[in-house]
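Okay, so here's the structure we're looking at.
The values are calculated or read from the model by the stated rules, or taken from the named source; none is laboratory data. Note that the coordinates shown come from a computational prediction; the quantities given were computed from them, not determined experimentally. For neighbour counting, all protein chains shown are included, and Cβ atoms are generated from backbone atoms with ideal geometry for every residue, glycine included. Side chains are part of the model used for accessible areas, which takes the heavy atoms of the whole protein and leaves out ligands, DNA and RNA. Shrake-Rupley method; radii C 1.70, N 1.55, O 1.52, S 1.80 Å.
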Amino acid sequence: KDTHRLKVKEWRKIFHATGNQVGAGVAILISDIIDYKSETIKRDKEGHYIMINQQEDITIISIYAPNTGAPKYIKQTLTDLKGEIDCNSIIVGNFNIPLSVIDRSSRQNVNREALNYTLDQVGLTDIDRTFHPTATEDTLF
């Protein structure tokens, strides 16, 4: 099993989840400038999500959905975490599925309506699409 140590100057608070699969793993990096002390850390054993929580102040969740079965995985993960998600939650990551037709970069046939319904049920908003409703640029950097 490969183990990698991530070191980034001035970003020493690093939380990660890894699995046995190649290509699975997520991380959350918190700048040293931020006074963030994680009270709770929750990971899945496959390395597809990690959730950190600082008391009742803020919860950060990073999700990397599998390439196949992404909508089902996201729905199940968000349903499982629903009790821990509130208005102070930030969810980031790669859902491996476009949430709207304008985001679509391939001819992949996806059931985005079911996923968007799940996002609505847990009160989540695609903030990038909210601020940029017609932009077609990729959000990867």
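In straight-distance terms, cross-link reach from residue 13 covers every one of the lysines whose alpha-carbon lies under 29 Å from its own, apart from those fewer than eight places away in the same chain; here that gives 1, 37, 42, 45, 75, 82.
The stretch 17-62: which trypsin sites (Lys or Arg not before Pro) are DSSP loop and have at most 15 other beta-carbon atoms within 10 angstrom?
The qualifying sites are 37, 45.
Of the whole protein surface, residue 46 contributes about 70 Å² of accessible area at a 1.4 Å probe radius. Under a cut-off of 13 Å between alpha-carbon atoms, report the aspartates and glutamates in cross-link reach of residue 9, not counting same-chain residues fewer than 8 places apart. Cα-Cα hits under 13 Å: 32. Taking all protein chains together and rolling a 1.4 Å probe, residue 79 ends up with roughly 80 Å² accessible. Backbone geometry of the stretch 24-39 corresponds, through the Karplus equation with coefficients 6.51, -1.76 and 1.60 at θ = phi - 60°, to 3J(HN,Hα) couplings of 9, x, 9, 8, 10, 10, 10, 4, 4, 5, 7, 8, 10, 10, 6, 8 Hz, x marking Gly and Pro.
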